[in-house]
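Below: one structure, written as structure tokens.
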Amino acid sequence: MNTADRRGLLIILSSPSGAGKSTLAKRLMTWDPSLQFSVSATTRPARAGEVDGKDYLFVTEEKFRGWVKDGDMLEHAHVFGNFYGSPKAPVQQAIDAGRDVIFDIDWQGAQQIRNSALGRYTLSIFILPPSIPELRRRLVSRGQDDDETIAKRMQKSWDEISHWDGYDYVLINDDLNVTEERLKTIIMAERLKFHQQPGLSAQVRRLQNEFEDLS
């Protein structure tokens, strides 16, 4: 289906840290290059290798608070001492043009987006780890955080998991390739829902007119 024939989706991927949502988001964008990743704004410092405007928009707390005050953030949250959020304007532009936008956010951000004016266009998916020991192993093996931060992420993981039933779909990521294929199936099906295809009404009217012409 051509993107011009439909409205874009806001595809929300959530999970506790280490469950695989970021890797899955990257795989989906390789599968369909038309997918657009929502670049979050954050007040935390950039990590080694991160690029401003690509991985995150790195901004001051003052600027971030100003965006929130002006209503320019689709969702925002305070996590581990820093602010994170999704600027609204690029998301609105993308879905109006028929392009899907992927969000790698937590349950709080997902809830804010579902309750926003764009809520009807959201597709929310929660990714569960196969086990808690495996979740911790993944956090340690990626080598991004010190022991204290890993402990905090593990403590927060249960709070994240406890909100699993607030999502449209829930997948257990025990096999990355299988989970990826299931995500593709879900997205392709959601794109075909009638409210995502604004041109369907005109098509139905044309069919009705053709019926009348036959009579």
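Each reported figure results from applying straightforward, stated rules to the coordinates on display, with no laboratory input. As the structure is a computational prediction, the values presented were derived from the model and not from experiment. Because the Cβ atoms are built from the backbone with ideal geometry, glycine has one as well, and the counts that use them run over all protein chains shown.
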**Item:** Stokes-Einstein D for region 112-215, Kirkwood Rh over Cα pairs, 37 °C, 0.692 mPa s (µm²/s)
**Value:** 187
**Prompt:** If amide H atoms are built 1.01 Å from N in the plane of the peptide, which residues on other chains or at least 5 residues away come under 5 Å of the amide H of Val79?
**Reply:** Tyr84
**Request:** Pop a pseudo-label 7 angstrom from the Cα along the beta-carbon direction at both Asp165 and Gln93 and give the gap in nm to one decimal.
**Result:** 4.1
**Item:** Integer Hz, Karplus 6.51/-1.76/1.60 couplings in order for region 167-177, x for Gly and Pro
**Value:** 10, 5, 9, 10, 10, 8, 8, 9, 9, 4, 5
**Message:** I want to check the label-to-label distance for Asn177 and Ser201. Put each point 7 Å from Cα in the C-beta direction and report it in nm to one decimal.
**Reply:** 4.5
**C-alpha long axis of helix 21-31 to longest principal axis of the chain, angle in °** = 40
**Interchain or long-range residues, amide H under 5 Å from Leu74's placed H** = Ser86, Lys88
**Message:** With a cut-off of 8 Å between alpha carbons and a minimum separation of six or more residues, what is the relative contact order of region 72-215 in percent?
**Reply:** 18
**Item:** Note, ³J(HN,Hα) from phi for region 100-109, Karplus 6.51, -1.76, 1.60, rounded to Hz, x at Gly and Pro
**Value:** 7, 10, 9, 10, 9, 9, 8, 5, 5, x
**Request:** Express the relative contact order of region 12-72 as a whole percentage, based on alpha carbon pairs under 8 Å and six or more residues apart in sequence.
**Result:** 22
**Request:** Find the eigenvalues of the gyration tensor of the Cα atoms of the chain, then list the square roots of 5 times those eigenvalues as equivalent ellipsoid semi-axes, largest first, in whole angstrom.
**Result:** 35, 21, 14
**Prompt:** So for the pair Asn115, Ala189, with labels modelled 7 Å out along Cα→Cβ, what separation do we get in nm?
**Reply:** 2.8
**Tilt relative to the chain, helix 147-161 - C-alpha long axis, 0 to 90 degrees, to 10** = 40
**Prompt:** Which log10 I(q)/I(0) values, to two decimals, does region 94-162 give at q = 0.17, 0.18, 0.19, 0.21 Å⁻¹ under the Debye formula with one point per Cα?
**Reply:** -0.76, -0.81, -0.86, -0.94
**Item:** Nonlocal amide H pairs with Val39, under 5 Å, H built at 1.01 Å
**Value:** none
**Request:** Please give the helix 200-214 orientation as an angle from the longest Cα principal axis of the chain, in degrees from 0 to 90, rounded to the nearest 10.
**Result:** 10
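Treating the beta-carbon of each Lys and Arg as +1 and of each Asp and Glu as -1, no other charges, what is the dipole magnitude of the chain about its Cα centre, to the nearest 20 debye?
For this selection, approximately 100 debye.
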**Request:** Would you kindly derive the ³J(HN,Hα) couplings of region 5-11 from the backbone phi angles with the Karplus curve 6.51 cos²θ - 1.76 cosθ + 1.60 (θ = phi - 60°), listing them in order in whole Hz, with x for Gly and Pro?
**Result:** 8, 8, 8, x, 9, 9, 8
**Complete:** Links exceeding 25 Å between C-alpha atoms in this model, out of Lys21/Lys152; Lys63/Lys184; Lys156/Lys184; Lys21/Lys88; Lys54/Lys88, come to Lys63/Lys184; Lys156/Lys184
**Prompt:** Taking only C-alpha pairs under 8 Å that are 6+ residues apart, what is the relative contact order of region 51-98 in percent?
**Reply:** 24
